[in-house]
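Only one structure is covered here, and it is reproduced in the block below.
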Amino acid sequence: NITRKIKEALMAIEIERLYTKREILELYLNQIYMGSGAYGVEAASQVYFGKSSKDLSLAEAALIAGLPRAPSRYSPLNNISRAKQRRATVLSRMKAENDITPQEEDAANAEPIALKDQNTHKNSAKYFVEAIRAYLEKKYGADRVYREGLTVRTTLNLKMQEAAESAVTKGLSIISERIKRARLYNDDILPEAALVAIRPSDGAILAMVGGSDFKKSQFNRAMNAKRQAGSAFKPFVYLAALNNGSSPADIIVDSPVSYPDPTKQGEWKPVNFSKRFYGPVTLRRALEASMNVATVKLLDKTGVENVIAIAGKLGFSGKIKPYLSLALGALNVTPLELTAAYSALANGGVYSKPGMVLSVNNADGENLEERVPYFEDSATPEVTYVLTRMLQGVVENGTGKVAKPLGRPVAAKTGTTSDSRDAWFLGYTPDLAAGVWVGFDDNRSLGSRETGGHTAGPIWTDFMKKALKNSPTLNFTPPKRVVVKIIDRNTGKLATGLCLDTLAEVFITGTEPTDYCEAERKETDRL
């Protein structure tokens, strides 16, 4: 628009005032995207030809000079014929400007394109690398990043990164095929996905996928896409309730209820995904089945402000509105934020701010930066352990059964937003937390059958299987102030041999039930 053009003109005048034409060109050539994850001509020379730009032949330099107009379209890795045509255009222009002779033009056009063996260096982790580049440029400035040369050590685990990319590619292919068969849309727009894996102990980001194809879109959905959390936020409502003295055996009645709607006149009546009501249920069962109404009532009882306070300690950065719809995940979060919050549950309630950079050194070896993890207590180890056991029940008996084939202790939660616009699967083992989001960039529906467990769950499970392959199976370690009691699964009361459906439940000491189930009382009365 006109305002944008005026700003660009003013910026151009300022740049012309500060730099010479040669300096402007140098900055441009060191920053422009050249395709295949390469920024600047030197990086492009290394990626495509495995040599420094000063060692390029005329033909190789002409090929690189032709890339900025459309890096992905003219990349020789994508289309060698189109790259040759673009190279010929550059050489023709050079001849017209008398920079080369006709003989040099003919010789360069005849030179075959000898690319670097791409198998010697898999160009993976593109979203991760781009995030590092943006971080460095923001902190140290473009001049230092592109001209001085920095040595950067990162948290990336290449094995896990390859597992993440493989899982996302495979999963999106299956999901896209289902959507095509359902004939929901007439266009060719396909769903996107994001995956983040974090080490709970220090917040290190071990793997990151920001979309289906970096060549098509450099937008990093893992870090920057603000999407509704849906039911994936529910564990934090239960975390606040447990923190306030509730237990997984407490009973809450899942029944019709209405509240004044703070956003408009009238009433708000939450409903369950199944359109059914389940009556009196334990908190454990309500979380396992991801019951909406029971969770809203629990939030009302616990207090919205208490949940918001815990969310703040877990790294959620956006302003959270104090509405009861928060129980259903009515807040916008990034996959990175949500995964980091689950990572804190795996870390005994200690939130560790996620990070990607371990250290930065300049060309002289001087250390410019060293990562020091940031920690914040969000809940006690006892509270988070009880919630973890409840989330293990989500995998064993609830909406997260897709993770059972992992064959090791795992806590997880699914999330599906209104009209299936977002599908989530978040989960963790003691030493690895991961989150997966699937959805369309334009916020259209994935389809009524595309739930968190069905859509995002298989990607998460596929990734975790590969990421944890050959790793020891670890159990969640109970803290000291936790006791185990055998209870009746339906009533939450202490069980006896007369109770048919029992469960070994964990409690923070002092919150365990003292009453026995109804079957025991009847037997006592008879005697």
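The values are calculated or read from the model by the stated rules, or taken from the named source; none is laboratory data. This is a predicted model, so every value here is computed, not measured. Ideal geometry is used to build each Cβ from the backbone, glycine not excepted, and the neighbour counts take in all protein chains shown. In case anyone asks, the SASA skips ligands and DNA or RNA and just uses the protein heavy atoms, side chains included. Shrake-Rupley method; radii C 1.70, N 1.55, O 1.52, S 1.80 Å.
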Reach of Lys264 by Cα under 18 Å, taken over aspartates and glutamates that are not fewer than 8 positions away in the same chain: none
FRET efficiency, Tyr374 to Asn79 (Cβ-Cβ, R0 51 Å, nearest 0.05): 0.65
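Which order, highest average first, do 339-349, 312-322 follow once you tally other Cβ atoms within 10 Å for each residue and take the mean per peptide?
Details: 339-349: 26.6, 312-322: 15.5.
Ranked from most to least packed, the peptides come out as 339-349, 312-322.
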Convex hull volume per residue in cubic angstrom - Cα atoms of the stretch 176-320: 186 Å³
Principal axes of the stretch 241-296: Cα extent on each, largest first, Å: 36, 26, 14
Segment Phe440-Thr502, length gained on full extension (0.36 nm per residue, minus Cα span): 18.1 nm
Leu368 long-range amide H proximity, modeled H, under 5 Å: Val360, Asn361, Asn362
Stokes-Einstein D for the stretch 369-412, Kirkwood Rh over Cα pairs, 4 °C, 1.567 mPa s (µm²/s): 105 µm²/s
Pair Asn224, Ala9: separation of 7 Å Cα→Cβ label points (nm): 2.8 nm
Those residues of the stretch 317-333 whose amide nitrogen sits under 18 Å from the label point placed on Lys138, 7 Å along Cα→Cβ: 317-319, 333
Overall dimensions of the stretch 59-198 by Cα: Rg and Dmax, Å: 20.7, 59
Counting DSSP beta bridges with both ends in the chain, the antiparallel % (nearest 5): 95 percent
Amide proton proximity set for Asn272, modelled H, under 5 Å, gap of 5+: Val293
Protein accessible area in the chain, 1.4 Å probe - carbon and sulfur %: 51 percent
Compactness index (Cα Rg / 2.2 N^0.38 Å), the stretch 187-267: 1.67
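Would you kindly calculate the translational diffusion coefficient of the stretch 461-507, applying Stokes-Einstein with the Kirkwood radius from alpha carbon pairs, for 37 °C and a viscosity of 0.692 mPa s, and quote it in µm² s⁻¹ without decimals?
Details: Rh = 13.5 Å.
Taking Rh from Cα pairs, D becomes 242 µm²/s.
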The stretch 1-105 - Rg over Rh from alpha carbon coordinates, Kirkwood radius: 1.04
Cβ-derived FRET efficiency at R0 45 Å, Gln103 paired with Lys319, nearest 0.05: 0.10
Directionally averaged projected area (convex hull, Cα atoms, the stretch 121-193), nm²: 7.2 nm²
Kyte-Doolittle at least -1.0, axis length at least 20 Å by Cα - qualifying DSSP helices, the chain: 2-18, 80-96, 126-140, 158-182, 381-397
For the stretch 349-397, convex hull of alpha carbons as volume per residue, Å³: 89 Å³
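Give the calculated FRET efficiency between Glu162 and Ser258 to the nearest 0.05, with a Förster radius of 45 Å applied to their Cβ-Cβ distance. Write out the running numbers ahead of the final one.
On the way: r = 50 Å, r/R0 = 1.12.
Taking R0 as 45 Å, the efficiency between Glu162 and Ser258 is 0.35.
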28 Å Cα-Cα threshold exceeded, pairs from Lys84/Lys159; Lys353/Lys469; Lys297/Lys401; Lys84/Lys466: Lys84/Lys159; Lys84/Lys466
Amide proton proximity set for Thr502, modelled H, under 5 Å, gap of 5+: Arg489
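How many percent of Cα pairs in the stretch 272-329 exceed 19 Å?
Details: 564 of 1653 pairs.
Result: 34 percent of Cα pairs exceed 19 Å.
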Violating pairs (Cα-Cα greater than 31 angstrom) within the set Lys51/Lys215; Lys180/Lys321; Lys5/Lys319: Lys180/Lys321; Lys5/Lys319
Global size of the stretch 352-480 as Cα Rg and Dmax, reported in angstrom: 18.1, 57
Volume per residue of the C-alpha convex hull in the stretch 301-358, rounded to whole Å³: 94 Å³
Three principal axis lengths of the stretch 433-527 [C-alpha, angstrom, descending]: 65, 37, 23
From the C-alpha gyration tensor of the stretch 313-418, square roots of 5λ in Å: 31, 19, 14
Relative packing of 299-305, 204-210, 288-294, which averages over residues the other C-beta atoms within 10 Å, highest first: 204-210, 288-294, 299-305
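Give the value in nm², to one decimal: projected area of the alpha carbon convex hull of the chain, averaged over all directions.
On the way: hull surface 127.1 nm².
The Cα convex hull of the chain, projected and averaged over all directions, gives 31.8 nm².
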